[in-house]
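Chemist: The structure follows.
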Amino acid sequence: MVVILGLEGSANKIGIGIVEDGKVLSNPRRTYITPPGEGFQPRETAKHHRENVLTVLREALQEANITPQKIDAIAYTKGPGMGAPLASMAVVARTIAKLWNKPILGVNHCIGHIEMGRLITGAENPTVLYVSGGNTQIIAYAEKKYRIFGETIDIAIGNCLDRFARVIKLSNDPSPGYNIEQAAKLGKKFLPLPYVVKGMDVSFSGILSYLEDRAEKLISTGEYTKEDLCYSLQETIFAMLIETTERAMAHCGSNEVLIVGGVGCNKRLQDMMEVMCNERGGKLFGTDMRFCIDNGAMIAQAGWEMYNAGIRTDWEDTAITQRYRTDDVLATWRQ
């Protein structure tokens, strides 16, 4: 039996999870929440992680009912992500790896999401839609790598949603995207927005700029409500993702779609994707908020795959990198 402890802290969530041979033993986390209208900055986010990491580590060990002696390796998020939060967690990972005399594994954050999704859902070889605050990618596995078939050419979908939430002063608790989703359920009037698909890639910055310029006037005149704008934004950007994901499925001959990343929790996105999958005779796989949102167990699971494939990270290579593409990783554990 192989037990891996994983540390995640690439953005505003700090999580530490422990996985044993496909079973999640513990997965506590904390979220750094800022006031409405504000985003989270690297320095303050890293400070939050440093203040909470030991508490979360104790919780992970206690929930798993395990001692450091039984852990086989330490996995941590090497990147991509925000520099200061990544570095703060990498220091902790290196420290406990030395203290406990364990090998260390630098994990790609995106692949952590994918491997956790595959574990939880049982999807065999899906086309993956990875949607989060920092990433938007359509991915499929081929020849030992997770290949990117399409992606955003500017900002990520989660960043688009977060920034629009600031425009209309929605709360950041529990997350801007969740609050947009709830508001969108009350929207009744659709505002036509720019629809930007370029081949297999998507663009969200122009849609955001369009709304930033018009939202205040549209709401103040009573022409549209905040809920209408949330509804219109969701319908437009989700439709763009469904289109590009379907094209990737056709190219790969796939009949499975796996949605991962924090935005993947959105029920409307899942419902729209399920309609497309049903029309193609395919199947949709998704996870709930325990595993969609950044968490330590997903890093532990990717680390578990790497460990069993004989992969170890040399001590000299344990630095973090903010730009660590999904297709940079050789996934030797996949068949």
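The values are calculated or read from the model by the stated rules, or taken from the named source; none is laboratory data. Everything numeric in this text was worked out from a predicted model, so none of it was measured. Here the Cβ is made from the backbone with ideal geometry for all residues, glycine too, and neighbour counts use every protein chain on show. With ligands, DNA and RNA removed, areas are computed over all heavy atoms of the protein, side chains included. Shrake-Rupley method; radii C 1.70, N 1.55, O 1.52, S 1.80 Å.
Chemist: Go through segment 1-44 and report how many residues are surrounded by 23 or more Cβ atoms within 10 Å (Cβ to Cβ) and in a helix (DSSP H, G or I).
Modeler: Adding up the residues that qualify gives 0.
Chemist: Oh, and also: Mind checking whether some residue in segment 310-318 is touching a residue at least 12 places away in the same chain (Cβ under 8 Å), open to solvent by less than 20 Å² (accessible area, probe 1.4 Å) and assigned to a helix (DSSP H, G or I)?
Modeler: No, segment 310-318 has no match at all.
Chemist: For segment 62-82, name all the residues that are touching a Ser or Thr at 6+ places or on another chain (Cβ under 7 Å), more than 17 Å from Thr318 (Cα to Cα) and open to solvent by 20 Å² or more (accessible area, probe 1.4 Å).
Modeler: Within segment 62-82, Glu63 is the sole residue that qualifies.
Chemist: When you look at Tyr178, is it within 20 Å of Arg268 (Cβ to Cβ), open to solvent by 20 Å² or more (accessible area, probe 1.4 Å) and touching a Lys or Arg at 6+ places or on another chain (Cβ under 8 Å), yes or no?
Modeler: No.
Chemist: Out of (1) at pLDDT below 95; (2) within 13 Å of Cys110 (Cβ to Cβ); (3) not hydroxyl-bearing (Ser, Thr, Tyr), what's the single condition that is false for Gln335?
Modeler: Tallying (1) at pLDDT below 95; (2) within 13 Å of Cys110 (Cβ to Cβ); (3) not hydroxyl-bearing (Ser, Thr, Tyr), Gln335 fails exactly one: (2).
Chemist: Just give me the residues in segment 124-145 being small (Gly, Ala, Ser) and either over 15 Å from Ile157 (Cα atoms) or out of contact with any Gly (no Cβ under 7 Å at 6 or more places or on another chain) (or both), in sequence order.
Modeler: Ala140, Ala142
Chemist: Another question, if that's okay. Please list, ordered by first then second residue, the pairs with beta carbon atoms under 6 Å, 6 or more apart or interchain, first in segment 108-132 and part of a strand (DSSP E or B), second small (Gly, Ala, Ser).
Modeler: Listed by first residue and then by second, the contacts come to Thr127/Ala140; Thr127/Ala248; Thr127/Ser254; Tyr130/Gly261; Val131/Gly261; Val131/Gly264.
Chemist: Still on this structure: Considering only residues that are open to solvent by 40 Å² or more (accessible area, probe 1.4 Å) and within 17 Å of the chain's Cα centre (by Cα), look in segment 83-126 and name the one that is farthest from Asp327 (Cα to Cα).
Modeler: Ranking the qualifying residues of segment 83-126, first place goes to Ile120.
Chemist: Next question. In segment 20-69, how many residues are closer than 23 Å to Arg94 by Cα, touching a residue at least 40 places away in the same chain (Cβ under 8 Å) and of a type in the set (Val, Ile, Thr)?
Modeler: 6
Chemist: Moving on. If you go through segment 158-172 one residue at a time, how many are outside any helix (DSSP H, G or I), farther than 16 Å from Asn12 by Cα and open to solvent by 40 Å² or more (accessible area, probe 1.4 Å)?
Modeler: 1
Chemist: Right, something else. Just to be sure I understand the filter: pairs with C-beta atoms under 9 Å, separated by 6 or more residues or on different chains, first member in segment 205-233 and farther than 13 Å from Ala165 by Cα and basic (Lys, Arg), second member modelled with pLDDT under 95 and assigned to a helix (DSSP H, G or I). Which pairs pass?
Modeler: Filtered contacts from segment 205-233: no entries.
Chemist: Please determine, by comparing only the residues of segment 181-198 that are open to solvent by 50 Å² or more (accessible area, probe 1.4 Å) and assigned to a loop (DSSP other than H, G, I, E, B), which one is nearest to Met289 (Cα to Cα).
Modeler: Lys185
Chemist: Okay, moving on. Restricting the search to segment 63-85, which residues are closer than 11 Å to Ile16 by Cβ and part of a helix (DSSP H, G or I)?
Modeler: Glu63, Ala64
Chemist: Does Asn255 fit the bill of being at pLDDT below 95 and polar (S, T, N, Q)?
Modeler: No; evaluated as a whole, the condition is false for this residue.
Chemist: Could you tell me whether segment 139-154 includes any residue that is open to solvent by less than 30 Å² (accessible area, probe 1.4 Å) and assigned to a loop (DSSP other than H, G, I, E, B)?
Modeler: no
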